[in-house]
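A short write-up of the structure that comes next.
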């Protein structure tokens, strides 16, 4: 199965590494390269894989599946929706060193990176990133387009809303709820519910700002049009 990665930046190369590790472990998935609208990326090699063109070139590249390699949640959602509307096949990528426990389910377009642990009966939505060394405790539910950062640990029975970002090394205590599009800062300890669109930091986590996800996504779309 020939797969194209949408995005050749840092996170795109993380995704490429997951796919290459899968291939080396015997998976039929073969990453063939990237598409990226960055003019400076055109014709370059990233992890030995070529940048094959821009996003508009994707229909003209022979491939069987696509995966989004963009870390920003709002932009990743826009690109994911664009690919789905175009009828593309979104694949799921799981590094061979990750642990996917009994009963866990991963939806399309999701990436699980090296040494991550997805616990018993966890449900992970579409287009989610579970980054390296992250832990999702038993019966946790993660909605679409979320990003669980490197080394973040979530206890059991947690509800993670759409588009949530849990930062590097953050910890979320069991049976808490993270509202849609909220952000948990690196190293934070969440001991109570986090409201939608809120940003919390610190130990214990405290509110510092509440944002507007609609304007955030609009800014991402505008930036895409400018590239």
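Using equal-weight Cα scatterers in the Debye expression, the normalised intensity of the stretch 60-108 in log10 at q = 0.22, 0.24 Å⁻¹ is -0.94, -1.02. Beta-bridge orientation, the chain: approximately 10 percent antiparallel, per DSSP, counting only bridges with both partners inside.
Full extension from residue 84 to residue 209: what is 0.36 nm times the residue separation minus their Cα-Cα distance, to one decimal in nm?
Details: separation 125, 0.36 × 125 = 45.00 nm, distance 3.24 nm.
Extending this stretch completely gives an extra 41.8 nm.
Helical content alone sets the calculated 222 nm signal of the chain at -6000 deg cm²/dmol, taking -39,500 (n - 2.57) per DSSP H segment of four or more residues and averaging over every residue. Rounded to the nearest 10 degrees, the inclination of helix 213-226 to the longest alpha-carbon principal axis of the chain is 20 degrees. Relative to the dominant Cα principal axis of the chain, helix 10-24 is inclined by about 70°.
Taking other Cβ atoms within 10 Å as a rough exposure proxy, 22, 1, 173 sort from fewest to most as 1, 173, 22. A simple spin-label model places the labels of residue 25 and residue 192 4.1 nm from each other, with each point 7 Å out along Cα-to-Cβ. Among DSSP bridges having both ends in the stretch 2-85, what percentage is antiparallel? Round to the nearest 5. Counting only bridges with both partners in the stretch 2-85, antiparallel ones make up about 15 percent.
Between residue 55 and residue 121, the distance separating the two model label sites (each 7 Å from Cα on the Cα→Cβ line) works out to 3.9 nm.
For the chain, the mean projected area of the C-alpha convex hull, equal to one quarter of the hull surface, is 11.5 nm².
No value in this document is a laboratory result; all are computed from the given coordinates. Because the structure is predicted, anything quoted here is derived from the model rather than measured. Positions of Cβ are generated from backbone atoms using ideal geometry, with glycine treated the same way; all protein chains shown enter the neighbour counts.
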